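Trainee: Take this structure first; my questions come after.
Just so it is clear, none of the values below were taken in a lab; they were calculated from the coordinates. Here the structure is a predicted model, which means the values were calculated and not measured. Using ideal geometry, Cβ is built from the backbone for each residue, glycine included, and neighbour counts are taken over all protein chains shown.
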Amino acid sequence: MVPVFNCTEYIQEALESVLQQGWSAEDMQIEVIDDFSTDADVEGLVQRVGGGRVAYYRQQANVGSLWNFQTCIQRARGHYVHILHGDDKVHPGFYDTMMGIFETYPEAGAAFCAFDMMGPTSEFFATSGKMEPERGIIKNALYRMGSKPWLQYACMVVKREAYEQLGSFYLATYGEDWEMWVRIAKNYPIVYTPEALAVYRVHPSSITRRSYMTGENIRDLAKVIKRIAEHLPKEQQKQAATEARKYWAYTSLNICYSLWYRTHDKNVVMTQMNEALKLYRDPFLTCKSYFIRMIMMMPKTWLPAMRGAYRKVWFGE
């Protein structure tokens, strides 16, 4: 199921990555769920790329990402549901591997793999960290997934039964998937494979990037972390929530640093940084925030040299 909204330049690549895997219409439903896009004729694009193999459904008005994901689940007919955003894609072998996993571990409620990350022009720039060295059911999955996010939509396949029993995404427009995966981990075994078989795209018009520009991402995360902690045993809740807040605060300050180099928008960077320090603060983060403020006051001609200094100080490179 492929939810899309104003990402037409990437849809063809997403659909082709699925179609090239050769699954028949009897074995796999492929459908684009369009949240009332206005940037192009999405239906025409789907017909041209899919050649009749890909179905198309358009919302009657823009309903927002959460309800569009819910529509994906409601319209899905398969025993397993893969929500592949229209700007992401999968590598060859993704579906064969995932179905093999469910055959080996029929008790699993979901399965996911490592993933690559790419930019707007499909250039790969990183691979996710490996949660486990080998394929298998994740041990202590509830705590591990509750204290740190490990995945993106593109790499996760969920047994239909799990969605039917546990419901869909809710609460926030950033981090809603993390809460969903933790909810599944609370109720079902989850299988992981360290192969990077999916691809998550980062680009300026994505929902994720837009939320970074306003600080909404961190405000949403505060709500999500609180809700996730409630899924854990009481004795684990405080520690898991602290680890999660710390992880996101550190990640967010790194984003602040990148945002300054990319946008030179002081208001955006300060908004993100202030929200991050509300989430979690320690002496290292405080120093890091002052360093970023210092960089923002420097002449632009100094930035290349300071970027090298930053990476040496904060990352040991």
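Trainee: Compute log10 of I(q)/I(0) for the stretch 207-312 with the Debye formula, placing one identical point scatterer on every Cα and leaving out solvent, at q = 0.13, 0.14, 0.15, 0.22 Å⁻¹, to two decimals.
Mentor: -0.50, -0.57, -0.64, -1.13
Trainee: Between Gln236 and Leu303, what is the FRET efficiency for a Förster distance of 25 Å, r being their Cβ-Cβ separation, to the nearest 0.05?
Mentor: 0.05
Trainee: Between Met294 and Val202, what's the calculated FRET efficiency when r is the beta-carbon distance and R0 is 22 Å? Round to 0.05.
Mentor: Efficiency, rounded to the nearest 0.05: 0.25.
Trainee: Between Gln29 and Ala126, what length comes free when the chain is fully extended (0.36 nm per residue of separation minus the Cα-Cα distance, one decimal in nm)?
Mentor: Result: 31.9 nm gained on full extension.
Trainee: Now for a separate question. Please name whichever of Met180, Val224, Tyr153 sits farthest to the positive end of the charge dipole of the stretch 129-224, dipole taken about the Cα centre and charges placed at Cβ: Lys and Arg +1, Asp and Glu -1.
Mentor: After comparing all options, I get Val224.
Trainee: Just name one of Ala241, His264, Trp302: the one whose Cα is farthest towards the positive end of the charge dipole of the stretch 207-312 (beta-carbon charges, Lys/Arg +1, Asp/Glu -1).
Mentor: It is Trp302, whose Cα lies furthest towards the positive end.
Trainee: Set the bar at 31 Å for Cα to Cα. Now go through Lys234/Lys266; Lys186/Lys266; Lys130/Lys300; Lys139/Lys238; Lys89/Lys288; Lys159/Lys288 and name every pair that lies beyond it.
Mentor: Lys234/Lys266; Lys186/Lys266; Lys130/Lys300; Lys89/Lys288; Lys159/Lys288
Trainee: Pairs of alpha-carbon atoms within less than 8 angstrom and 6+ residues apart define the contacts here; what relative contact order does the chain have, in percent?
Mentor: Over the chain, the number comes to 16 percent.
Trainee: Using only Cα atoms, locate the centre of the stretch 268-286 and the centre of the stretch 30-105, then give the distance between them in Å, rounded to an integer.
Mentor: 36
Trainee: Using the Karplus equation 6.51 cos²θ - 1.76 cosθ + 1.60 (θ = phi - 60°), what ³J(HN,Hα) coupling, rounded to whole Hz, does each residue of the stretch 60-71 give in order, writing x for Gly and Pro?
Mentor: Here the 3J(HN,Hα) series is 6, 7, 5, 9, x, 4, 4, 6, 5, 5, 4, 4 Hz.
Trainee: With the crude spin-label approximation of a point 7 Å out along Cα→Cβ, what separation in nm comes out for Asp41 versus Phe284?
Mentor: Inter-label distance under the simple model: 5.5 nm.
Trainee: Scan around Arg58 for amide H atoms under 5 Å from its own, H built in the peptide plane at 1.01 Å from N, and keep only partners 5 or more places away or cross-chain.
Mentor: Asp34
Trainee: Evaluate the distance, in nm, between pseudo-label points positioned 7 Å from the Cα of Lys226 and of Asn140 along their respective Cα→Cβ axes.
Mentor: If labels sit at Lys226 and Asn140, their model points lie 2.8 nm apart.
Trainee: Let me ask something else. Can you compute 3J(HN,Hα) from phi for each residue in the stretch 230-239, using the Karplus curve 6.51 cos²θ - 1.76 cosθ + 1.60 with θ = phi - 60°, rounded to whole Hz and x for Gly and Pro?
Mentor: 5, 7, 8, x, 4, 6, 9, 4, 5, 5
Trainee: Could you grab the Rg to Rh ratio for the stretch 39-162? Cα atoms only, Kirkwood for Rh.
Mentor: My calculation puts Rg/Rh at 0.98.
Trainee: I would also like to ask the following. Once the piece of chain linking Glu195 and Arg262 is laid out straight, how much longer is it, given 0.36 nm per residue of separation minus the C-alpha distance between them?
Mentor: Going from the current span to full extension adds 21.0 nm.
Trainee: Work out, step by step, the length gained on full extension between Gln20 and Asn254: first 0.36 nm times the residue separation, then minus their alpha carbon distance; give nm to one decimal.
Mentor: 80.6 nm
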